[in-house]
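The values are calculated or read from the model by the stated rules, or taken from the named source; none is laboratory data. Computed from a predicted model, the values in this text were never measured in an experiment. Because the Cβ atoms are built from the backbone with ideal geometry, glycine has one as well, and the counts that use them run over all protein chains shown.
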Amino acid sequence: MKELYTTGEAAEICRVSQQTIIRCFDSGKLEGFRVPGSKFRRIPKASLVKFMKDNNIPLDGFRSSGKIKVLVVDDDAEIVELISDVLTRDGRYDVKTASSGYTAGIATQQFRPDVILLDYMLPDVNGNIVCQTIRKNPEFEHIKIIIVSGVIKQDEIERLLDAGAQGFVKKPFKISDLTAKITEVLHPW
């Protein structure tokens, strides 16, 4: 994932004209810097994200493949394979997997998912810790977290939502329910 954008790239991500981005940059509404010795402007990713949020521009323009990036975190290899296979065949999703909280952290940093499908009980940590860790990092504030678990009580679900999860899907589940929940958390309107 890039960390610095040209005005043309920013325009494409925001789905506006390059001239609009240049005007916003020149008026100070979009922070960035000029390349020394040239007229070229560069916009850091954090500034572009802030600009997009301030102006209610959806962040889905960052998806280079046009696909929704999903990180599946579960220590049950069969569940991981099932979810990965179904989402990949669907065609709308780019899927990566992790089997522990530790590997989920590394994958989140490298893959920058749009959505994390998170098992509540992992071998090294529980879902609350993963949610809280992700929510502490401003770089990850756009990531939606859906807890997928079979062993959980209503008060635990509420704690997970308080910790930063946007949704919950109970195992066993229908794939259509899972994809509907992904769509719901990405497009809540």
Within the bounds of the range 3-12, is there any residue that is touching a strand residue (DSSP E or B) at 6+ places or on another chain (Cβ under 8 Å), of a type in the set (Ser, Thr, Tyr), over 23 Å from Ile175 (Cα atoms) and assigned to a helix (DSSP H, G or I)?
yes
Residue list for the range 117-142, filter: out of contact with any Ser or Thr (no Cβ under 7 Å at 6 or more places or on another chain) and in a loop (DSSP other than H, G, I, E, B):
Val125, Asn137, Glu141, His142
So Ser38 fits all but one of (1) more than 20 Å from the chain's Cα centre (by Cα); (2) more than 30 Å from Ser149 (Cβ to Cβ); (3) surrounded by 14 or more Cβ atoms within 10 Å (Cβ to Cβ); what number is the exception?
(3)
Checking the structure you have, find out if any residue of the range 58-68 is touching a Cys at 6+ places or on another chain (Cβ under 9 Å), in a helix (DSSP H, G or I) and on the phi < 0 side of the Ramachandran plot.
yes
So which residues in the range 48-68 are modelled with pLDDT of 90 or more and in contact with a strand residue (DSSP E or B) (Cβ under 9 Å, 6 or more places away or on another chain), if there are any at all?
Leu48, Phe51
Which condition from (1) of a type outside the set (S, T, N, Q); (2) in a helix (DSSP H, G or I); (3) surrounded by 18 or more Cβ atoms within 10 Å (Cβ to Cβ) is the one that Leu71 breaks?
(2)
